[in-house]
Structures are given as C-alpha cells and as structure tokens.
Amino acid sequence: MNRFLVAAIAALPLVTGGCIAKTAFDVVTLPVKATSKVVDWTTTSQSESDRNYGKRMREAEEREGRERKDHDKQCRRDPRHCEPYDGFVAQPGGNRPH
C-alpha cells in the first residue's frame, strides 16, 4: 500500500501538470483579458463610427426627401403661396447650429 501511495503521488504532477499550468495561466491572464474586453465595450472602432455616420446620413436624406415631397405636394395644391424649399437639408454633421 505504501509503495502504491508513493507511486500515485509521484505520478500526480505528470497526470495533472497540464491542467494546473493552464489554470495558473488563465488566472494570471484574466485581468488583462477583462480589461481589454471593457476597453472594447467602451470605445468605438473606426468601422463602427463609419457605419453609424452612414446610418445618420441615410436617415437625414430620407427626412429631407419626405419634407421635399410634402413641400412639392403643398405647391401643387396652392401654387400662389409656393416659396422655394428652405426646410431641412441633409448635410455632413447634421443641421446643428455652428
């Protein structure tokens, strides 16, 4: 029994060595992985920024199209009171006051 116990204890590091080393590596690298994940969540990549800008521009152009269509419809109904369209105009950066 004593020999078997000694042999089992001697073989234990060989059998579980990879698991223990991997676990230790995972524990050591966990803070780095967690920090990088938080940075990814809180920052916007260039491709995300471009995609969001494109979406805002498409929405602005759709809005301008609807308003121009409504303006043209009003002009056809009452041409005497029709003035040049001076409503919303889609432009880069939106229609924010400068």
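Taking 1 over the mean of 1/r across every pair of different Cα atoms in the stretch 51-93, what Kirkwood radius in Å do you get?
On the way: mean 1/r = 0.0878 Å⁻¹.
The Cα-based Kirkwood calculation yields 11.4 Å.
Pulled fully out, how much extra length does the chain show between residue 37 and residue 82, if you take 0.36 nm times their separation in residues and subtract their Cα-Cα distance?
Working: separation 45, 0.36 × 45 = 16.20 nm, distance 5.63 nm.
Net length gain for the segment: 10.6 nm.
What's the FRET efficiency of residue 52 with residue 89 using the Cβ-Cβ distance as r and R₀ = 22 Å, to the nearest 0.05?
On the way: r = 21 Å, r/R0 = 0.93.
The calculated FRET efficiency here is 0.60.
Which one of 91, 60, 74 is farthest out on the positive end of the charge dipole of the stretch 51-93, using unit charges on Cβ (Lys, Arg +1; Asp, Glu -1) and the Cα centre as origin?
The residue sitting most towards the positive pole is 60.
Please compute the net charge surrounding residue 86, taking Lys and Arg as +1 and Asp and Glu as -1 over other residues with Cβ under 14 Å from its Cβ.
Details: positive: 68; negative: 64, 67, 70, 72, 83.
After counting each charged neighbour, the total is -4.
Rule-based calculations on the coordinates, nothing more; no lab input. These figures come from a predicted structure and were not determined experimentally. Don't worry about glycine lacking a Cβ; one is built from the backbone with ideal geometry, like all the others, and counts go over all protein chains shown.
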